[in-house]
Amino acid sequence: MALRRFRDHDRRGSASTLVILGLANPGSEYEGSRHNVGGDAVRLVAERRGLRLTHESRQRALSATAPTARGPVTLAVPTTFMNESGAALPPLLKRTSLEDLARLVVAHDELDLEPGRLQLKFGGGLAGHNGLRSIAKTLGTNDFSRLRIGIGKPPSKEQGADYVLQRPTGARKLAMAEYVAAAADAIETLLDFEFEDAQQRVNRS
């Protein structure tokens, strides 16, 4: 799946074998919300590996490069709001010289999966997710990889926005921390195995 708009002469950075983008809203008011589990999982992987996500000039994401046996992997979290997540990609993909969108993995919250369930997949629908919609619009295709992190459905459809932006407390907060840790484990699996092998390991658990 080549991203044809990024031609050889447009590439300026070191090549990454994989780019993992964790979606989240910026700002302290959104910290710990269900909508931020993708970004939280990426941040946790960076922390585990002793990496610091930093902001580079002209980039619209915090990022770090993780060395792996299969080559460097870029971990990133957009600095844009969720519905503008796609704006982070052109400079990020240029810097990482990534053209194969199968190797772009977007970690995001998923209402259609029960809380804590994980699914690695390539392509598919957007399920009304504003971050995915922005990314698909920027790329001109839905054909990129995803790590779906289940957060369950709200009590009613009308409560969807409040539900994803809500910061759980008590036992639900502890449970969500476990979901984030499991998602970080799944990302670690992606760092160690090819996508199809990682997909089997993550989706069967």
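Given (1) farther than 28 Å from residue 15 by Cα; (2) assigned to a loop (DSSP other than H, G, I, E, B); (3) among the aliphatic types (A, V, I, L, M); (4) in contact with a Leu (Cβ under 8 Å, 6 or more places away or on another chain), identify the lone condition not met by residue 51.
Failing condition for residue 51: (1).
Just the residues that are touching a residue at least 60 places away in the same chain (Cβ under 8 Å) and either assigned to a loop (DSSP other than H, G, I, E, B) or surrounded by fewer than 13 Cβ atoms within 10 Å (Cβ to Cβ) (or both), please, taken from the stretch 159-174. So that I can check it myself, show each step before the final result.
So the first thing to find is which residues in the stretch 159-174 are touching a residue at least 60 places away in the same chain (Cβ under 8 Å), and the list is 163-168, 173.
166, 167, 168, 173 - these are the residues of the stretch 159-174 that are touching a residue at least 60 places away in the same chain (Cβ under 8 Å) and either assigned to a loop (DSSP other than H, G, I, E, B) or surrounded by fewer than 13 Cβ atoms within 10 Å (Cβ to Cβ) (or both).
Results for (1) of a type in the set (A, V, I, L, M, F, W, C); (2) touching a His at 6+ places or on another chain (Cβ under 7 Å); (3) within 20 Å of residue 194 (Cα to Cα), shown as yes or no for each residue.
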site: 70; (1), (2), (3): no, no, yes
site: 75; (1), (2), (3): yes, no, yes
site: 80; (1), (2), (3): no, no, no
site: 107; (1), (2), (3): yes, no, yes
site: 113; (1), (2), (3): yes, no, no
site: 129; (1), (2), (3): no, yes, no
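Just checking, how many residues over the stretch 104-158 are touching a strand residue (DSSP E or B) at 6+ places or on another chain (Cβ under 6 Å), part of a strand (DSSP E or B), of a type outside the set (Asp, Glu) and under 19 Å from residue 82 (Cα atoms)?
Looking only at that region, the number is 10.
Please specify each residue of the stretch 36-45 satisfying the condition of being buried (at least 24 other Cβ atoms within 10 Å of the Cβ) and of a type outside the set (A, V, I, L, M, F, W, C).
Taking the stretch 36-45 and keeping what is buried (at least 24 other Cβ atoms within 10 Å of the Cβ), we get 36-42, 45.
If the condition is that a residue be buried (at least 24 other Cβ atoms within 10 Å of the Cβ) and of a type outside the set (A, V, I, L, M, F, W, C), then 36, 38, 39, 40 are the ones that fit.
I'd like the residue in the stretch 46-59 that is in contact with a helix residue (DSSP H, G or I) (Cβ under 7 Å, 6 or more places away or on another chain) and at pLDDT below 95 and, out of all such residues, is surrounded by the fewest Cβ atoms within 10 Å (Cβ to Cβ).
Checked the stretch 46-59; the qualifying residue surrounded by the fewest Cβ atoms within 10 Å (Cβ to Cβ) is 58.
Name the pairs whose Cβ atoms lie under 7 Å apart, with the first residue in the stretch 118-146 and farther than 13 Å from residue 38 by Cβ, the second assigned to a helix (DSSP H, G or I) and charged (D, E, K, R), and 6 or more positions between them or separate chains?
Matching pairs, first to second residue: 126/133; 134/84.
For the condition over 22 Å from residue 177 (Cβ atoms), at pLDDT below 95, surrounded by 17 or more Cβ atoms within 10 Å (Cβ to Cβ) and under 15 Å from the mean Cα position of the chain (by Cα), what is the one hit in 101, 132?
When all the criteria are applied, what remains is 101.
Of the conditions (1) more than 13 Å from the chain's Cα centre (by Cα); (2) without any contact (Cβ under 8 Å) to a residue 60 or more places away in the chain, residue 95 fails just one. Which one is it?
(2)
Which condition number in (1) modelled with pLDDT of 60 or more; (2) outside any helix (DSSP H, G or I); (3) surrounded by fewer than 17 Cβ atoms within 10 Å (Cβ to Cβ); (4) not aromatic (Phe, Trp, Tyr) is the one that residue 24 fails?
(3)
Please work out which one of (1) touching a Lys or Arg at 6+ places or on another chain (Cβ under 7 Å); (2) modelled with pLDDT under 95; (3) of a type in the set (A, V, I, L, M) is the condition residue 161 fails and give its number.
Just one mismatch for residue 161, condition (1).
The values are calculated or read from the model by the stated rules, or taken from the named source; none is laboratory data. All figures in this text were calculated on a predicted structure; none of them were measured in a lab. Cβ sites come from the backbone with ideal geometry, for glycine too, and all protein chains shown count toward neighbours.
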